[in-house]
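The values are calculated or read from the model by the stated rules, or taken from the named source; none is laboratory data. For clarity, every value in this text was computed on a predicted model and none was experimentally measured. Because the Cβ atoms are built from the backbone with ideal geometry, glycine has one as well, and the counts that use them run over all protein chains shown.
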Amino acid sequence: MRLRQLLSRSSAIYARLSDTGAEVYTPQQILEEIERGSPIGRQWIEAEKSIIRKLLMLR
Amino acid sequence: MPRMNTAVLILPDQHYLGYGSCVMRRIADQFRGRLNIIELNGWDAVPDKINAAIRQNDPAFVFGVGHGNVNIYTVECRTPYMTVCSDTARMMAGRVIHLNSCLTAQQLGRDLIAKGATTYYGNYEEFWLIIGCNWRIYPPCSNKLVTTVFDAEYTVEKSLFSGRTTGQAQQDRLKAYDDEINYWTSGPGANQPCAADAVRVLEIDKRIAVMYGSDSARITAAAPSMLALLAGLAAAIGLGIGIAVGSTAPTG
(Lines give C-alpha, C1' and ligand atoms only; values in the text may rest on other atoms or scores of the structure.)
Protein backbone atom coordinates (compact mmCIF):
# COMPACT_ATOMS: atom_id res chain seq x y z
CA MET A 1 0.00 0.00 0.00
CA ARG A 2 2.78 2.41 1.01
CA LEU A 3 4.71 1.56 -2.16
CA ARG A 4 1.60 2.04 -4.31
CA GLN A 5 1.06 5.48 -2.79
CA LEU A 6 4.67 6.44 -3.38
CA LEU A 7 4.65 5.27 -6.99
CA SER A 8 1.29 6.90 -7.79
CA ARG A 9 2.67 10.27 -6.63
CA SER A 10 6.15 9.85 -8.10
CA SER A 11 7.50 11.74 -11.11
CA ALA A 12 10.76 9.78 -11.30
CA ILE A 13 12.06 8.05 -14.41
CA TYR A 14 13.84 4.74 -13.79
CA ALA A 15 16.11 2.62 -15.96
CA ARG A 16 17.57 -0.87 -15.56
CA LEU A 17 20.63 -2.64 -16.95
CA SER A 18 18.81 -5.64 -18.39
CA ASP A 19 19.47 -7.29 -21.73
CA THR A 20 15.79 -8.08 -22.30
CA GLY A 21 12.64 -5.98 -22.43
CA ALA A 22 12.27 -2.31 -21.67
CA GLU A 23 15.13 -0.20 -20.41
CA VAL A 24 13.16 2.78 -19.08
CA TYR A 25 10.23 2.62 -16.66
CA THR A 26 7.80 5.18 -15.29
CA PRO A 27 6.32 4.77 -11.79
CA GLN A 28 3.05 3.71 -13.45
CA GLN A 29 4.85 0.90 -15.28
CA ILE A 30 6.44 -0.28 -12.02
CA LEU A 31 2.96 -0.29 -10.49
CA GLU A 32 1.74 -2.46 -13.37
CA GLU A 33 4.63 -4.88 -12.76
CA ILE A 34 3.57 -5.08 -9.11
CA GLU A 35 -0.06 -5.72 -10.07
CA ARG A 36 1.07 -8.48 -12.46
CA GLY A 37 3.22 -10.09 -9.78
CA SER A 38 6.18 -10.14 -12.17
CA PRO A 39 9.79 -10.65 -10.98
CA ILE A 40 10.30 -6.88 -11.23
CA GLY A 41 7.18 -6.26 -9.15
CA ARG A 42 8.31 -8.78 -6.55
CA GLN A 43 11.75 -7.14 -6.45
CA TRP A 44 10.23 -3.75 -5.62
CA ILE A 45 7.92 -5.26 -2.99
CA GLU A 46 10.79 -7.10 -1.27
CA ALA A 47 12.81 -3.87 -1.15
CA GLU A 48 9.82 -2.06 0.37
CA LYS A 49 9.46 -4.77 3.03
CA SER A 50 13.12 -4.30 3.88
CA ILE A 51 12.66 -0.52 4.20
CA ILE A 52 9.63 -0.98 6.47
CA ARG A 53 11.54 -3.49 8.65
CA LYS A 54 14.34 -0.94 9.10
CA LEU A 55 11.86 1.80 9.97
CA LEU A 56 10.23 -0.43 12.59
CA MET A 57 13.62 -1.22 14.12
CA LEU A 58 14.36 2.51 14.46
CA ARG A 59 11.16 3.10 16.45
CA MET B 1 49.93 -13.94 -13.62
CA PRO B 2 47.93 -10.74 -14.29
CA ARG B 3 49.66 -7.43 -13.76
CA MET B 4 48.99 -5.76 -10.43
CA ASN B 5 48.10 -2.04 -10.43
CA THR B 6 46.52 -2.49 -13.87
CA ALA B 7 42.82 -2.13 -14.62
CA VAL B 8 40.73 -2.30 -17.79
CA LEU B 9 37.44 -0.39 -17.60
CA ILE B 10 34.68 -1.18 -20.13
CA LEU B 11 32.62 2.02 -20.37
CA PRO B 12 29.90 1.98 -23.05
CA ASP B 13 27.55 4.96 -23.39
CA GLN B 14 24.50 3.96 -25.45
CA HIS B 15 21.23 2.68 -23.96
CA TYR B 16 21.64 4.70 -20.72
CA LEU B 17 25.00 3.08 -19.89
CA GLY B 18 26.60 6.53 -19.92
CA TYR B 19 25.07 7.14 -16.49
CA GLY B 20 27.39 4.56 -14.96
CA SER B 21 30.35 5.11 -17.28
CA CYS B 22 30.40 8.82 -16.44
CA VAL B 23 30.77 8.10 -12.72
CA MET B 24 33.48 5.50 -13.33
CA ARG B 25 35.48 7.91 -15.52
CA ARG B 26 35.57 10.36 -12.62
CA ILE B 27 36.86 7.63 -10.30
CA ALA B 28 39.49 6.62 -12.87
CA ASP B 29 40.69 10.23 -13.05
CA GLN B 30 41.29 10.20 -9.28
CA PHE B 31 43.52 7.11 -9.43
CA ARG B 32 45.27 7.49 -12.78
CA GLY B 33 48.54 8.61 -11.21
CA ARG B 34 48.75 5.52 -9.02
CA LEU B 35 47.46 2.80 -11.36
CA ASN B 36 47.69 1.92 -15.02
CA ILE B 37 44.05 2.40 -16.00
CA ILE B 38 42.92 1.55 -19.53
CA GLU B 39 39.50 3.01 -20.42
CA LEU B 40 37.46 1.62 -23.31
CA ASN B 41 34.93 4.37 -23.88
CA GLY B 42 31.83 4.33 -26.06
CA TRP B 43 32.55 2.61 -29.37
CA ASP B 44 35.88 1.35 -28.03
CA ALA B 45 33.81 -0.78 -25.63
CA VAL B 46 33.25 -3.53 -28.19
CA PRO B 47 34.42 -7.17 -28.06
CA ASP B 48 37.50 -7.02 -30.35
CA LYS B 49 38.91 -3.93 -28.67
CA ILE B 50 38.17 -5.23 -25.17
CA ASN B 51 39.90 -8.54 -25.88
CA ALA B 52 42.90 -6.74 -27.38
CA ALA B 53 43.18 -4.48 -24.31
CA ILE B 54 43.04 -7.47 -21.96
CA ARG B 55 45.63 -9.47 -23.95
CA GLN B 56 47.95 -6.48 -24.24
CA ASN B 57 47.72 -5.25 -20.64
CA ASP B 58 46.94 -8.47 -18.72
CA PRO B 59 45.09 -6.52 -16.00
CA ALA B 60 44.54 -7.74 -12.44
CA PHE B 61 41.16 -5.99 -12.53
CA VAL B 62 38.41 -5.74 -15.15
CA PHE B 63 35.30 -3.60 -14.73
CA GLY B 64 32.34 -3.50 -17.09
CA VAL B 65 28.97 -1.77 -17.07
CA GLY B 66 26.41 -3.10 -19.51
CA HIS B 67 23.02 -4.66 -20.06
CA GLY B 68 22.96 -8.26 -18.94
CA ASN B 69 21.06 -11.38 -18.13
CA VAL B 70 21.73 -14.50 -16.09
CA ASN B 71 24.19 -15.90 -18.65
CA ILE B 72 25.34 -12.92 -20.71
CA TYR B 73 27.06 -9.56 -20.37
CA THR B 74 26.72 -7.09 -23.27
CA VAL B 75 28.73 -3.98 -24.10
CA GLU B 76 28.24 -0.94 -26.39
CA CYS B 77 24.89 -0.99 -28.19
CA ARG B 78 24.01 -4.23 -26.40
CA THR B 79 26.62 -6.20 -28.35
CA PRO B 80 27.11 -9.60 -26.66
CA TYR B 81 30.57 -9.86 -25.09
CA MET B 82 30.71 -12.58 -22.48
CA THR B 83 28.54 -15.65 -21.99
CA VAL B 84 28.66 -18.64 -19.67
CA CYS B 85 31.33 -21.18 -20.73
CA SER B 86 32.77 -18.90 -23.44
CA ASP B 87 36.42 -18.27 -24.30
CA THR B 88 35.91 -14.73 -23.03
CA ALA B 89 34.85 -16.06 -19.63
CA ARG B 90 38.05 -18.15 -19.58
CA MET B 91 40.09 -14.98 -20.31
CA MET B 92 39.05 -13.67 -16.89
CA ALA B 93 40.98 -16.39 -15.01
CA GLY B 94 43.24 -14.98 -12.32
CA ARG B 95 41.56 -11.56 -12.37
CA VAL B 96 39.18 -9.64 -10.14
CA ILE B 97 36.02 -8.82 -12.12
CA HIS B 98 33.17 -6.38 -11.49
CA LEU B 99 30.19 -6.58 -13.84
CA ASN B 100 27.62 -3.88 -13.14
CA SER B 101 24.98 -5.66 -15.17
CA CYS B 102 21.54 -7.07 -14.36
CA LEU B 103 21.23 -10.70 -13.25
CA THR B 104 24.77 -11.77 -14.19
CA ALA B 105 25.45 -13.00 -10.66
CA GLN B 106 22.99 -15.87 -11.12
CA GLN B 107 25.03 -17.86 -13.67
CA LEU B 108 27.76 -15.86 -15.40
CA GLY B 109 29.40 -14.70 -12.17
CA ARG B 110 29.50 -18.24 -10.80
CA ASP B 111 30.89 -19.48 -14.11
CA LEU B 112 33.66 -16.88 -14.02
CA ILE B 113 34.75 -18.15 -10.60
CA ALA B 114 34.52 -21.76 -11.86
CA LYS B 115 36.78 -20.77 -14.77
CA GLY B 116 39.40 -19.36 -12.40
CA ALA B 117 38.53 -15.70 -11.84
CA THR B 118 39.85 -14.62 -8.45
CA THR B 119 36.82 -12.59 -7.35
CA TYR B 120 33.56 -11.52 -8.99
CA TYR B 121 31.32 -8.61 -8.00
CA GLY B 122 27.92 -8.36 -9.66
CA ASN B 123 24.18 -7.92 -9.44
CA TYR B 124 21.91 -10.88 -8.69
CA GLU B 125 18.66 -9.34 -9.99
CA GLU B 126 17.67 -6.23 -11.95
CA PHE B 127 19.99 -3.27 -11.25
CA TRP B 128 18.02 0.00 -11.20
CA LEU B 129 19.03 3.60 -11.60
CA ILE B 130 17.18 6.90 -11.74
CA ILE B 131 17.65 8.95 -14.90
CA GLY B 132 15.16 11.73 -14.21
CA CYS B 133 12.61 13.41 -11.98
CA ASN B 134 9.62 15.73 -12.49
CA TRP B 135 9.16 13.82 -15.77
CA ARG B 136 12.44 15.21 -17.09
CA ILE B 137 15.41 13.07 -18.11
CA TYR B 138 18.71 14.47 -16.75
CA PRO B 139 22.09 14.01 -18.47
CA PRO B 140 24.63 11.58 -16.92
CA CYS B 141 26.55 12.96 -13.92
CA SER B 142 24.37 16.11 -13.89
CA ASN B 143 23.17 15.70 -10.29
CA LYS B 144 23.23 13.43 -7.25
CA LEU B 145 19.96 11.73 -8.17
CA VAL B 146 21.44 10.15 -11.31
CA THR B 147 24.79 9.23 -9.74
CA THR B 148 23.61 7.95 -6.35
CA VAL B 149 23.41 4.22 -7.17
CA PHE B 150 26.78 4.34 -8.93
CA ASP B 151 28.38 6.32 -6.10
CA ALA B 152 27.53 3.31 -3.94
CA GLU B 153 28.15 0.46 -6.40
CA TYR B 154 31.51 1.80 -7.59
CA THR B 155 32.86 2.03 -4.07
CA VAL B 156 34.27 -1.39 -5.03
CA GLU B 157 36.70 0.38 -7.36
CA LYS B 158 37.53 3.22 -4.95
CA SER B 159 38.40 0.62 -2.31
CA LEU B 160 40.34 -1.78 -4.54
CA PHE B 161 42.28 1.07 -6.18
CA SER B 162 43.16 2.32 -2.68
CA GLY B 163 44.74 -1.02 -1.79
CA ARG B 164 41.88 -2.65 0.13
CA THR B 165 41.24 -6.39 -0.15
CA THR B 166 38.35 -7.76 -2.17
CA GLY B 167 36.45 -8.60 1.02
CA GLN B 168 36.99 -5.13 2.45
CA ALA B 169 35.81 -3.61 -0.83
CA GLN B 170 32.57 -5.58 -0.58
CA GLN B 171 32.03 -4.32 2.98
CA ASP B 172 32.76 -0.77 1.82
CA ARG B 173 30.28 -1.21 -1.05
CA LEU B 174 27.44 -2.25 1.26
CA LYS B 175 28.23 0.55 3.70
CA ALA B 176 28.25 3.04 0.81
CA TYR B 177 24.70 1.96 -0.08
CA ASP B 178 23.65 2.70 3.52
CA ASP B 179 25.39 6.08 3.35
CA GLU B 180 23.56 6.95 0.13
CA ILE B 181 20.24 5.85 1.66
CA ASN B 182 20.95 8.07 4.67
CA TYR B 183 21.69 10.98 2.32
CA TRP B 184 18.13 10.74 0.93
CA THR B 185 16.35 9.91 4.20
CA SER B 186 18.01 12.13 6.81
CA GLY B 187 20.74 14.00 4.93
CA PRO B 188 20.88 16.89 2.47
CA GLY B 189 18.75 15.04 -0.08
CA ALA B 190 15.81 14.32 2.24
CA ASN B 191 13.59 17.14 1.02
CA GLN B 192 14.43 16.90 -2.66
CA PRO B 193 11.90 15.66 -5.21
CA CYS B 194 12.26 11.94 -5.92
CA ALA B 195 14.20 11.34 -2.68
CA ALA B 196 11.85 8.45 -1.80
CA ASP B 197 12.46 6.93 -5.24
CA ALA B 198 16.21 7.11 -4.70
CA VAL B 199 15.82 5.23 -1.40
CA ARG B 200 13.79 2.44 -3.08
CA VAL B 201 16.24 2.00 -5.90
CA LEU B 202 19.25 2.03 -3.56
CA GLU B 203 17.58 -0.55 -1.33
CA ILE B 204 16.97 -2.82 -4.33
CA ASP B 205 20.53 -2.47 -5.63
CA LYS B 206 22.05 -3.06 -2.19
CA ARG B 207 20.07 -6.30 -1.77
CA ILE B 208 21.46 -7.70 -5.02
CA ALA B 209 25.10 -6.55 -4.61
CA VAL B 210 26.97 -9.85 -4.37
CA MET B 211 30.59 -10.96 -4.35
CA TYR B 212 31.92 -14.46 -5.12
CA GLY B 213 35.43 -15.88 -4.79
CA SER B 214 38.41 -14.75 -2.77
CA ASP B 215 37.88 -12.07 -0.13
CA SER B 216 41.60 -11.61 0.53
CA ALA B 217 42.87 -10.65 -2.92
CA ARG B 218 44.21 -7.22 -3.87
CA ILE B 219 44.69 -5.64 -7.26
CA THR B 220 47.43 -3.29 -6.08
CA ALA B 221 50.97 -4.36 -5.27
CA ALA B 222 51.52 -3.68 -1.58
CA ALA B 223 53.58 -0.55 -1.10
CA PRO B 224 56.59 -1.20 1.13
CA SER B 225 56.03 -0.06 4.70
CA MET B 226 58.25 2.62 6.25
CA LEU B 227 59.74 -0.01 8.58
CA ALA B 228 60.62 -2.24 5.63
CA LEU B 229 62.15 0.73 3.82
CA LEU B 230 64.29 1.61 6.86
CA ALA B 231 65.37 -2.02 7.29
CA GLY B 232 66.37 -2.13 3.63
CA LEU B 233 68.27 1.12 3.94
CA ALA B 234 70.11 -0.13 7.05
CA ALA B 235 71.04 -3.36 5.26
CA ALA B 236 72.28 -1.43 2.25
CA ILE B 237 74.41 0.85 4.44
CA GLY B 238 75.78 -2.13 6.36
CA LEU B 239 76.61 -3.89 3.12
CA GLY B 240 78.27 -0.75 1.81
CA ILE B 241 80.47 -0.44 4.93
CA GLY B 242 81.37 -4.11 4.73
CA ILE B 243 82.52 -3.73 1.15
CA ALA B 244 84.49 -0.61 2.01
CA VAL B 245 86.18 -2.28 4.99
CA GLY B 246 86.88 -5.37 2.96
CA SER B 247 88.44 -3.38 0.18
CA THR B 248 90.78 -1.44 2.47
CA ALA B 249 91.78 -4.12 4.95
CA PRO B 250 95.35 -5.30 4.58
CA THR B 251 95.73 -8.73 3.20
CA GLY B 252 98.33 -11.35 3.78
Test for B:Leu103: is it on the phi > 0 side of the Ramachandran plot, at pLDDT 95 or above and crowded, with 24+ Cβ neighbours inside 10 Å: yes
Tally the residues that are out of contact with any Leu (no Cβ under 8 Å at 6 or more places or on another chain), on the phi > 0 side of the Ramachandran plot and of a type outside the set (A, V, I, L, M, F, W, C), restricting the search to the range B:39-88. 2
Within the range B:62-79, identify whether any single residue is more than 14 Å from chain A (Cβ to nearest Cβ) and closer than 13 Å to B:Val8 by Cα, and answer yes or no. yes
Does A:Glu46 satisfy the condition of being more than 30 Å from B:Glu76 (Cα to Cα), outside any strand (DSSP E or B), at the interface with chain B (Cβ under 8 Å from one of its Cβ atoms) and of a type in the set (D, E, K, R)? yes
Filter the range B:167-202 down to the residues that are closer than 29 Å to B:Tyr120 by Cβ, touching a helix residue (DSSP H, G or I) at 6+ places or on another chain (Cβ under 8 Å), within 14 Å of chain A (Cβ to nearest Cβ) and surrounded by fewer than 21 Cβ atoms within 10 Å (Cβ to Cβ) and list them by number. B:Leu174, B:Asp178
Report, by residue number, each residue of the range B:45-64 that is under 19 Å from B:His15 (Cβ atoms) and part of a loop (DSSP other than H, G, I, E, B). B:Ala45, B:Val46
Scan the range B:65-88 and give yes if some residue there is at pLDDT below 95, assigned to a loop (DSSP other than H, G, I, E, B) and closer than 20 Å to B:Ser162 by Cβ, otherwise no. no
Cβ pairs under 8 Å, 6+ apart, first in the range B:112-137 and within 14 Å of chain A (Cβ to nearest Cβ) and without any contact (Cβ under 8 Å) to a residue 60 or more places away in the chain, second surrounded by fewer than 21 Cβ atoms within 10 Å (Cβ to Cβ) and small (Gly, Ala, Ser): B:Trp135/A:Ser11
Given the conditions (1) buried (at least 24 other Cβ atoms within 10 Å of the Cβ); (2) touching a residue at least 60 places away in the same chain (Cβ under 8 Å), every one holds for B:Pro2 apart from (1)
Any chance you could count how many residues in the range A:10-33 are buried (at least 19 other Cβ atoms within 10 Å of the Cβ) and either over 22 Å from B:Leu145 (Cβ atoms) or at the interface with chain B (Cβ under 7 Å from one of its Cβ atoms) (or both)? 9
So which residues in the range B:51-71 are surrounded by fewer than 22 Cβ atoms within 10 Å (Cβ to Cβ) and within 27 Å of B:Leu129 (Cα to Cα), if there are any at all? B:Asn69, B:Val70, B:Asn71
